[in-house]
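No lab work stands behind these numbers, since they all come straight from the coordinates. The structure presented is a predicted model; accordingly, all values stated were derived computationally and were not measured. Positions of Cβ are generated from backbone atoms using ideal geometry, with glycine treated the same way; all protein chains shown enter the neighbour counts.
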Amino acid sequence: MPPMGSPSTRGGPSLSSWGGKNRRHQVVIEDDEKREHKLGCRWLIDATGRNQMLGRKLGLHQRTQLQKNVYWFRLVDFDPAILSHIHAIKKENRSFDSYYCTHHFFGEGSWIWCIPIVSEEHPRMISIGITYRTDLCRREIHTIEQFLYYIATEHPVVVDLVKSGRLDDTNSYRSYTYETRQHYSSDGWFIIGDAGDTVDPLYSHGLALISMQAQQVGEAIRREHKGEPIDEFVTDLDIAFTTMHRLATREITSLYEVMHDPLRCHLRMHLAILLMFRLAVPLIFNEYMWDPIGIKIQSFSEAKRHGSRSRPLEAADRRRRLGTAQPLGRQLSQGAVTVLPELRLL
Ligand SMILES: Cc1cc2nc3c(=O)[nH]c(=O)nc-3n(C[C@H](O)[C@H](O)[C@H](O)COP(=O)(O)OP(=O)(O)OC[C@H]3O[C@@H](n4cnc5c(N)ncnc54)[C@H](O)[C@@H]3O)c2cc1C
């Protein structure tokens, strides 16, 4: 499925001063008439997606060593009956129409999704995309011709499906994966969603992770409003989120090595889904992922694995990277929480 957000633009707001512990941050934004506005806030939540505003400013991002490319498009006016030509080994399904499921096709270091969708204009539409690890699948797929050429041998049914329809739009990312070294700080900043790390779309878990982050950030703010010290809590939240994100991402990234092998790939996915729905989802639904004891357990197991706790960036180091002068402190006192995209910035 295509990323939910619109393509992001460079530029936008700038962070002109940095609050530090118990102080306020200052953000300068430009409106449609190019007028500058200064906003003060105690909490700064970066949800700027691939613009990665705060992470760039703090020098927190790193590209992952194993990279992936993704190319996707939406198809209309196609013949869905072609999907029934798939030689599938599965039990007869009497409870729902399989057409409406996400169809996955696996190949050498790559996988393809086909997700039926609807729009007002096109009651029959399908999102199709290929994701591949650049070291295992040495292809360049950025046009529909390249896509059809490269999948012809592995997935003839997909080729027939695409040829029966008409392209509505196309999109691609090259070497698109990165991660951040820190997501949350008790200095009052948080990085959520793609502003922090990319996800692999295989299990469509991007928005589920972001929803969990929203709960975690909300809980940290709620606790500080109640007057509780939050330093340790925020560090544990950071470790818990990072652990869950990295576990999922690294498992999927290594799955590409067996994607051409139906048995191993299927077994690994089966185990991963089992873990997801029997462990991760119950931890989230039962609020362990933003409970002080729940996240402490993960924080300890991480410490055991690495021999020490991950150390958040030192505040002084952060300020140096930001190149800020003194915080403006109490000058501006608008809403306590600032979620950047909601400000209708550049
Ligand atoms: C090919 C692909 C398929 C995917 N499929 C799925 C899926 O099926 N299910 C799923 O859950 N996830 C999926 N994901 C992941 C999911 O799309 C992303 O994780 C999610 O969209 C990230 O949301 P976000 O709000 O962090 O970023 P975005 O959706 O990118 O939103 C960021 C917003 O901030 C705005 N912005 C940026 N800079 C500024 C600025 N300076 N000022 C103001 N506004 C700004 C942007 O315009 C944008 O609207 C997929 C990802 C990819 C690459």
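For the pair Arg94 and Arg138, the difference between a 0.36 nm per residue extended length and the Cα-Cα distance amounts to 11.8 nm. For the range 51-197, the fraction of alpha-carbon pairs lying more than 22 Å apart is 52 percent, rounded to a whole number. Enumerate the aspartates and glutamates that Lys57 could reach by cross-link, defined here as Cα to Cα under 14 Å, with residues fewer than 8 away along the same chain left out. Here the aspartates and glutamates satisfying the reach criterion relative to Lys57 are Asp46, Asp317.
Among Phe78, Phe241, Phe300, the order by Cβ neighbours within 10 angstrom, fewest to most, reads Phe300, Phe78, Phe241. Evaluated at q = 0.11, 0.15, 0.22 Å⁻¹, the base-10 log of the normalised Debye intensity for the range 98-170, with identical point scatterers placed on the Cα atoms, takes the values -0.28, -0.52, -1.06. With 0.36 nm allotted per residue and the present C-alpha distance subtracted, the Ile86-Arg278 stretch has 66.1 nm of extension available. Can you list the residues of the range 30-66 with backbone N under 15 Å from a point 7 Å past the Cα of Arg246, pointing along Cα to Cβ? Within reach of a label on Arg246: 61-66. If R0 equals 45 Å, the separation of the Cβ atoms of Arg166 and Asp32 corresponds to a calculated FRET efficiency of about 0.80.
Take the Cα of Ile297, go 7 Å toward its beta carbon, and the backbone nitrogen atoms of the range 236-270 under 16 Å from that spot belong to 237, 240-241, 243-244. Give the shape of the range 67-119 as rounded, prolate or oblate, defined through the alpha-carbon gyration tensor: a ≥ b ≥ c are the square roots of its eigenvalues, a/c under 1.5 means rounded, and otherwise the shape is prolate if a/b is larger than b/c and oblate if not. Oblate. In terms of packing, defined here as the mean over residues of other Cβ atoms within 10 angstrom, the peptides 190-196, 251-257, 224-230 line up highest first as 190-196, 251-257, 224-230. Summing +1 for each Lys or Arg and -1 for each Asp or Glu among the other residues whose beta-carbon sits under 10 angstrom from that of Arg174 gives 0.
Taking the three principal axes of the alpha carbon atoms in the range 30-103, the coordinate ranges are 60, 37, 25 Å, sorted in descending order. Extension gain, Arg124-Tyr203: 0.36 nm per intervening residue step, less the Cα-Cα distance, totals 26.1 nm. A dipole drawn for the range 85-184 from +1 and -1 charges on Cβ atoms has a positive end, and of Thr180, Ile89, Ile151 the residue lying farthest that way is Ile89.
If a/c stays under 1.5 just call it rounded; otherwise compare a/b with b/c (prolate if a/b is bigger, oblate if not). Do that for the range 248-298, with a ≥ b ≥ c from the square roots of the Cα gyration tensor eigenvalues. Verdict is prolate for the range 248-298.
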